[in-house]
Amino acid sequence: MTAERGVHKPNLLVLVGPTAVGKTRLSIEIAKSCSCEIISGDSMQVYRGMDIGTAKITPEEMQGIPHHLIDVLDPEESFSVAYFQKVCRSLIPEIASRGRIPFIVGGTGLYVESVCYEFQFTEAGADEAFRQEQLRFSEQFGPEALHAKLTEIDPETAAKLHPNDQRRIIRALEVYHLTGTTLSRQLESQTKASPYNLCIIGLTMDRQLLYNRIEARIDEMVQQGLVQEVKSLLERGCSRSLVSMQGLGYKEIAEHLLDGLPLEDAIMKLKRDTRRFAKRQLSWFRHMKDIHWIDVTRGENFPDHLADIRAIIAGKFGIPLEYNYKH
């Protein structure tokens, strides 16, 4: 049956997990040994000039592996799940035609799932005046009040979003405003049938270790020049209301630069919000089906983790894979 599915459906490899769990390093080794091209499943790494705060993979780290959907938009442009899905629908057969495995790597759950199961999204469009009205409401009454508005009309979506995730809260409100249907109702209507022969790998680790890694990464970002990166974006005219500037790291540092929030407090806020974000990522992925979970708590077992993942891939796709990991 697996072989039959493979004939009719193209293979699609996916690696998901919370921020800072170690997806990048593993993805490169998997791609090298399995002849993959990587599609970034991150909603922020598409933006040029936003490198430090997004923990964007460097050309050196890519080790020659082709990467797609990185540095394709300017910060002033909007990136959406529908845009991501549309590009992936073209990229996946294109990569397969070269005899390589399309490999989505990322932590933006809705984006990844929308491709895996070919979600159909209502063409809600946009209402810029409505968005600005919600922004003004949030500025006047606070993010908790804006989040409460969403809770009233779409409690399920609200439960998945932190009150500080202003961009996605406003979008959920906008979808209801334009269509009369909540975002959660739209997602419930999806069939969860996949047009691909899916192999989804999920990475997890001890929660406290993950939080320690998140905090260490943020300290490193600050040392690498995160404040200057955000300052440069603001100086070029990037408003805080932009989709790109609502990303973790950018909105907290902008609060420091524009509102006078002490840097130490901004960093503490960023660490707290990123920990909460990682928790929501794990919650989202645990509700996805078809995931093969790998616990990567013990970093010294990296070769074993890689071998386990390769065995899963070989079994799912029915192809022999030569193990070539080198210490």
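Structure notes:
- Candidates in region 222-242 are the residues that are within 22 Å of residue 139 (Cβ to Cβ) and part of a loop (DSSP other than H, G, I, E, B); of these, the one that is farthest from the chain's Cα centre (by Cα) is 237.
- Checking each residue of region 261-268 against the condition of being crowded, with 18+ Cβ neighbours inside 10 Å and closer than 21 Å to residue 138 by Cα gives at least one match.
- Residues that are of a type outside the set (A, V, I, L, M), at pLDDT below 85 and in a loop (DSSP other than H, G, I, E, B), drawn from region 116-170: 118, 119, 120, 121, 122, 123, 125, 127, 162, 163, 164, 165
- Checking 307, 311, 278 one by one, the residue that is in the same structural domain as residue 241 (by TED's automatic domain parsing), buried (at least 18 other Cβ atoms within 10 Å of the Cβ), among the small types (Gly, Ala, Ser) and assigned to a helix (DSSP H, G or I) is 278 and no other.
The values are calculated or read from the model by the stated rules, or taken from the named source; none is laboratory data. Predicted, not measured: the structure shown is a model, and the values here were computed from it. Virtual Cβ from ideal backbone geometry, glycine too; neighbours counted across all protein chains shown.
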